[in-house]
There are 2 protein chains.
Amino acid sequence: MVSTEKPKYRVVGTRPVRPDGTDKVTGRAQYGADLRLPGMLYARVKRSPHAHALIKHIDTSKALALPGVRAVITNKDFPVAEDKIADLGEGAANIKWLLDNVMASDRVLYKGHAVAAVAANDLHTAEDALALIEVEYEPLPAVLNVRDAMLDSSPRLHDNLRTEELTGLFTPPLGAGDKVSNVAKHLLLTKGDLEAGFAAADIVLEREFETTMAHQGYIEPHNATAFWNKDGELTVWTSTQGSFAVRDQVSMLLQLPVSKVKVVPMEIGGGFGGKIPVYLDPPAAVLSRVTGQPVKMWMTREEVFEGTGPTSGTASRVKIGVKRDGTITAMEAHYAYEAGAYPGSPMAAGVMCATAPYDVENVLVEGWDVVVNKPKVAAYRAPGAYQAEFAVESVLDELAQQLEMDAVDFRLKNAAKEGTRRVDGAVFGPVGNIQVLEAIKNSPHYKSELSGEHRGRGVAIGFWFNVGFESSAYASVNPDGRISLVIGSADIGGTRATIAMQLAETLGIPYEDVHPQVVDTDSIGFTGVTGGSRTAFAGGWAAYECAMDIRRQMVARAAQIWETDADKVAYDADGVIRGPEGKQFTFKELAAQLPHTGGQIQGRADVSPMTAGPAFAGHIADVEVDPDTGKVTVLRYTAIQDVGTAVHPSYVEGQIQGGAAQGIGMALSEEYFYDGNGVMRNASLLDYRIPTTLDLPMIETILVEVPNPGHPYGVRGVGEVPIVPPQATISNAIADAIGVRPRNLPATPRVLLEELLPPEKP
Amino acid sequence: MVSTEKPKYRVVGTRPVRPDGTDKVTGRAQYGADLRLPGMLYARVKRSPHAHALIKHIDTSKALALPGVRAVITNKDFPVAEDKIADLGEGAANIKWLLDNVMASDRVLYKGHAVAAVAANDLHTAEDALALIEVEYEPLPAVLNVRDAMLDSSPRLHDNLRTEELTGLFTPPLGAGDKVSNVAKHLLLTKGDLEAGFAAADIVLEREFETTMAHQGYIEPHNATAFWNKDGELTVWTSTQGSFAVRDQVSMLLQLPVSKVKVVPMEIGGGFGGKIPVYLDPPAAVLSRVTGQPVKMWMTREEVFEGTGPTSGTASRVKIGVKRDGTITAMEAHYAYEAGAYPGSPMAAGVMCATAPYDVENVLVEGWDVVVNKPKVAAYRAPGAYQAEFAVESVLDELAQQLEMDAVDFRLKNAAKEGTRRVDGAVFGPVGNIQVLEAIKNSPHYKSELSGEHRGRGVAIGFWFNVGFESSAYASVNPDGRISLVIGSADIGGTRATIAMQLAETLGIPYEDVHPQVVDTDSIGFTGVTGGSRTAFAGGWAAYECAMDIRRQMVARAAQIWETDADKVAYDADGVIRGPEGKQFTFKELAAQLPHTGGQIQGRADVSPMTAGPAFAGHIADVEVDPDTGKVTVLRYTAIQDVGTAVHPSYVEGQIQGGAAQGIGMALSEEYFYDGNGVMRNASLLDYRIPTTLDLPMIETILVEVPNPGHPYGVRGVGEVPIVPPQATISNAIADAIGVRPRNLPATPRVLLEELLPPEKP
């Protein structure tokens, strides 16, 4: 671990056992699929066989007549369906898109698009009923990639979609164009004088790239169970990254006040951004309202692939100019992102990340958010960033070769640092980009020799914003001195522990004395999604403020017991409360006094940080290409990252390893493979090739700690940026190994054999 | 409703719908019996056939050998069993008694006493296994009533029990006597000069009374499900009046820190004090630890009668002197309370209540807590008070007859009021005793004529302390302006609503905008049992403080939005936040602003009031006695009570009606009927005669509101005192009807026919 001026903490930085570990390894943890309620019905979704078609008519009567079938619903059964949407005013289009993706109204826009749902007394009856739901389609030509979709001649997916002009990620659009288009959004950001920049360059390279849709590949399929009681209060048990996000979406689609919807987060088997949108929760709720009984739904793996949100495929063009000394004079990058069926790709985030690691005077970045007849994309770990930086880092790698410069030195020469103004206008505070690059150079891996035929080494770096947003915490002090901590964040990567650790640190008590619990939306204040690398950051901050609330009350109580003023009592970092004349209580001692001196103490906090600590990562890969099979073997892989403060280094390492593995998957094997009719031909975990442990070496990690000054413990957030460098790292390593550079990922054996490897000598 | 100087409230005093109503009437509410966990085992308890016996040996081997049996436990399987108890130091005796009542160690002390428990894969196997547990007993003579038990010649239940001298309800004992005894505690309280008091009297009456054990008769039997996970954390789902009380008892018996025990309160089907002690929770926990699986237990009705805690039977002697003008000059009362098998009857409370309604100079009250070979008693609604006041109110009724004074006027002449010092030393603040007595006189019932043969009218009054103790609340403000309120109080009589109402009142918002939820012990701060008439009082107070915490933050936020100082912003009673220059937000408007102005707001509070508002009640009964059958028919019944502030008058009326019905049951039909071997002969709801709706008239209620100045909304607590007057009220009415006074309750048809009614003329 590489640390810079790190404060000494007692708990933060240690590696305690996670509180949910035992229940998870012994099978006791309750996932959505484990839920069973009295009188529960089972529901299944009818899905479109077409990638693009008008729905002429849906006849549910035969399905309804099947004994055991309790209800069949379509889009029309939602209170925000087509005919009622106009009443909603502003935002109606977004609500319509959200609903139409949950259940299609007048047209289906991708194979697997939900068109109806059926609830029955048992699962098999529900499945049988699907075939009895008669849907009359009028097939339309499908548009399956961004290049086609952007053509004037292309069929349009939406009758009223016009291109909105954006200026950034969180800024309102400037307005929409006149023409109906498949381009939902356009973003153009510039700084400096691009033309002058390229004119000053000694070398200018321009290259095009493509990436395909890829799925987050969470092991647990989506599930939802809903019960709408006779008082009109809806409870939803679900696997989600954000129970409050489900609450907000469900309440919007069902036109309920948010407080009438209670979302109970079950344990979650992975999300990576894909478990933020709702799919099954709204139909389960409507089916429960119709039947008066609880309704449970879950997806097959095929439905997960075809009916949920992967990340965008992209097409891009990058042009970079450099001087002989390695100074980058100008960068230009254009990206078209697949949104899938409805607007909302991570284009803006990607475009803003593209050149962020570099301090360059003259920059132009541009992006388009383009609808195509494929599933609507969802967030996927640093959404948009890896597609964008893959292109930039590939061109830089090629430039370094031409300059005959070390790839790291070249990047160091141009690296963004504190004070650098990005093309989106933001100015970096203290960030670890330089430190990460230096850590690459100093790493055993980078210093090691690599020899052998068809072997190569690549490096690449990556950037991600990280976000803040709102989190709450509540904690009560037990008379045995342990804390019951209540939080609202879905725990995916160990955040029960990392939030509890920050509470323990603030109170000066052992981690083991904090018992964290994730509760439903009725039992804790608003807490944003587990995503954006925000949970250890904002959740930990809420825990810090909650602990400070407890500290103030403990001090007041000690003062009362000692009959002195609170300002004569101090709460010290060791968890000892000290008063005048040598009086003192340990935390446990005072906790034991509370019940008899006025009652026990609780803390509460709600934080809503506007800023977060940006993250940089740099990866090194050694690969070997088998020229006979086209298979790329990753020989060694090291991931270096500025993690701010590593609250729980093991979990940080796990996040980095997981992100790297997913990025390597997208680099080498993972892709949505479509036929000409828009049918995904590999919608199973057998055919969709996620790397297994057998496919990867141990991912080595090096943690660089440049504390984030905007957080009580210097936390930045760590979950996303490790997925940014791998695509370029692997691609650069392949180029080093075989002298030819993959520009369309994944670089599967087929691509290697058919497109990249030189033809065999006869 | 009779109100005195009642403040005007918006929500408090209205009668909204209860939030748990729909779920309860539609069968959706989850009780302990509804719980089903994956891999759950079923357990049953082996119970003693003897009222008193030594346990020579327990052989569990045959039961363990039965296929499907997973574990058999006895007292020895607890970490505080006989051989380990000495390590516990102070309080060891209490822990031993608590455990021995849960599962007998060296001797059984009542028929139905638990001696072992067996867990099996299914219920029937567990039941079959009970017969295979071989227990070798050495029967001992049983002691079945307090008069026998107090004799020097009586067999002793405990080898080391010595009489402790008490000075009050919450004061530590003065010390214990030398002799081994069945009398666990003795309390003697005096004031004035008793001898002089009786000397000054014109009439002195002395009478003896008896009451029998009676059960609370909650409809839902006890149940508990426990899961002890591999991390050593124990979760208990149970029907209880106090989840934290279960947590404390279980953690004591299992020697776990309280924070390692999570108690999830299921809905509760009645408790009345009987669901505070633990019976099944500890064995379920131990069985779960042994098997590694969740273990569910529940009782049959027979087990509930024989194996849980009814209220004490008593024997008493009361002597009262009065002057001709009706002035009471001296009162003397002696009470022996059955504790059941282990010390702990409500004797002290009863003794302190006995003369509390009267302002008398010379008083002596005395009591004994006596162990007998019957189930250990538990709290039962104003525990101890009705037995004590039955005797006093009977003698006063007889005195009023002799004085030829109106029974109410006689009591009014001697009534305790603000400033009266009780025999226990406490001085009344503002109380409603006088107002209740005047309300009796002014009531339509008391003013009505009663005529007809064998008919009579009785009145009596009653007192109960009410208690305070600790309660917590947590609440979060949703962006739709509704509040999610989290509390820890078991909701038996509608306290979700009454606590939510006080939160709504404080915030100036509608009741319907508060959504209360009862959560587990890990999710809210410490909250005492629902009992002692404390929940609407202390829980409402916590809600008030929690709302004040929210108000302060709402004011601060409004000030921030308006860019002014918080002290220029006021939170008004109508829920409108007003600032300078006519600026204002309704609660809903500001709630909607919160997410975008720094985050949402939560309130938290923990209150621990030391005092409560004492309660007085006065009842009127008209009865008719059938001289042929001995059956007493209650013709009309009116219950008048000082309720402080009736937060939700319907629930207050319900509490009063329920308490009166239970008191009437004890007056006329409910009793533990034992044979000479100590076997209860009526341990079913068929034979144990709880009055049904067919046995009772509509109980009329008159609410007198004398606000408690020690509570933000004047709340006193209402649940207990209505059970105090009925025994004397009915008894006095019978005396009025037939000229003979029942002194041993219940006055069943047998008692009427065989003991009271004059022999038929030939």
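General observations
- Unit charges at the beta carbon, dipole of the protein assembly as shown: most positive-side option, A:Y337, B:A315, B:L752: B:L752
- Kirkwood estimate for the range A:609-762, i.e. one over the average of 1/r between Cα atoms, Å: 16.9 Å
- Averaged over the residues of A:602-609, the number of partner chain Cβ atoms lying within 10 Å of the residue Cβ comes to 6.
- Averaging the Cα positions of each part gives two centres, and for the range A:430-450 and the range B:496-564 these lie 54 Å apart.
- Under 20 Å of direct C-alpha separation, and excluding same-chain neighbours fewer than eight residues apart, B:K62 reaches these aspartates and glutamates: B:D77, B:D122, B:E127, B:D128, B:E134, B:E136.
- FRET efficiency, 1/(1 + (r/R0)^6) with R0 22 Å, evaluated for B:T190 and B:R162 via beta carbons: 0.40
- Residues of the range A:428-450 falling in the label zone of A:T633, defined by backbone nitrogen less than 19 Å from a point 7 Å along Cα to beta-carbon, are A:449-450.
- A Förster radius of 56 Å combined with the Cβ-Cβ distance from B:A426 to B:R36 puts the calculated FRET efficiency at roughly 0.70.
- The lysines within cross-link reach of A:K376, meaning a Cα-to-Cα straight distance under 18 Å and a gap of 8 or more places when in the same chain, are A:K46, A:K96, A:K111, A:K185, A:K275.
- Cα shape, the protein assembly as shown, gyration tensor, a/c 1.5 rule: prolate
- Reach of A:K441 by Cα under 18 Å, taken over lysines that are not fewer than 8 positions away in the same chain: A:K413, A:K417
- Backbone N atoms of the range B:428-456 closer than 14 Å to the 7 Å Cα→Cβ label point of B:K417 belong to residues B:428-439.
- Assuming charge only on the beta carbon of Lys and Arg (+1) and of Asp and Glu (-1), the dipole of the range B:22-122 about its Cα centre is about 420 debye to the nearest 20.
- Dividing the helix sum by the residues of chain B, where each DSSP H run of 4 or more adds -39500 (n - 2.57), gives a mean residue ellipticity at 222 nm of -7500 deg cm²/dmol.
- Segments A:378-388, B:466-476 sorted - mean Cβ within 10 Å per residue, highest first: A:378-388, B:466-476
- Point-charge dipole on Cβ atoms (K/R +1, D/E -1) for chain B, about Cα centre, debye to 20: 1180 debye
- Efficiency of FRET between A:L64 and B:L151 - r from beta-carbon atoms, R0 60 angstrom, step 0.05: 0.15
- A 1.4 Å probe run over the protein assembly as shown, with the rest of the protein chains in place, finds 35 Å² accessible per residue.
- In chain A, taking the dipole from charged Cβ atoms about the Cα centre, the farthest positive-side position among A:Q402, A:V423, A:Y380 is held by A:Y380.
- 13 Å beta-carbon shell around B:A407, net charge (K/R +1, D/E -1): -3
- Shielded residues, the range B:481-507 - accessible-area loss of 40 Å² or more between chain alone and all protein chains, probe 1.4 Å: B:R482
- Rounded to 5, percent antiparallel among DSSP beta bridges of the protein assembly as shown: 75 percent
- In order along the range A:31-37, the Karplus-derived 3J(HN,Hα) couplings, from 6.51 cos²θ - 1.76 cosθ + 1.60 at θ = phi - 60°, round to 9, x, 5, 7, 6, 9, 10 Hz, and Gly and Pro are given as x.
- Furthest towards positive pole of dipole, A:A500, A:V436, A:M548, structure part the range A:434-572, Cβ charges: A:V436
- Tensor-based shape of the range A:339-390 (alpha-carbon gyration tensor, a/c under 1.5 rounded, otherwise prolate or oblate): prolate
- Total accessible area lost when A and B pair, probe 1.4 Å, Å² to nearest 100: 4200 Å²
- Placing unit charges on the Cβ atoms only, positive for Lys and Arg and negative for Asp and Glu, gives the range B:662-762 a dipole magnitude near 140 debye about its Cα centre.
- Computed from backbone phi, the HN-Hα couplings of the range A:516-533 come to x, 9, 8, 10, 7, 5, 7, 10, 8, x, 3, 9, x, 5, 7, x, x, 6 Hz, rounded to whole numbers (Karplus: 6.51 cos²θ - 1.76 cosθ + 1.60, θ = phi - 60°; Gly and Pro given as x).
- Considering only beta bridges that DSSP places wholly inside chain B, some 75 percent are antiparallel.
- For residues of B:259-268, the mean tally of beta carbons on other chains within 10 Å: 2
- Taking every residue in A:523-530 and counting other chain Cβ atoms within 10 Å of its Cβ, the average works out to 5.
- Shape class of chain B from the alpha-carbon gyration tensor: oblate, with a/c at 1.5 or above and b/c at least as large as a/b.
- Placing a label point 7 Å from the Cα of A:E127 along the Cα-to-Cβ line, no residue of the range A:53-71 has its backbone N under 11 Å from it.
- Each peptide in B:45-53, A:441-449, B:516-524 was scored by the mean count of other Cβ atoms within 10 Å over its residues; highest first, the order is B:516-524, B:45-53, A:441-449.
- Here the accessible area is traced with a 1.4 Å probe on the protein chains. For the protein assembly as shown, carbon and sulfur cover 52 percent of it.
- Part-to-part distance (alpha-carbon centres) for the range B:230-261 and the range A:108-161, which is given in Å: 52 Å
The values are calculated or read from the model by the stated rules, or taken from the named source; none is laboratory data. Just so you know, these numbers come straight off a predicted model, no measurement behind them. Note that we place each Cβ from the backbone using ideal geometry, even for glycine, and neighbour counts take in every protein chain shown. Side chains are part of the model used for accessible areas, which takes the heavy atoms of the whole protein and leaves out ligands, DNA and RNA. Shrake-Rupley method; radii C 1.70, N 1.55, O 1.52, S 1.80 Å.
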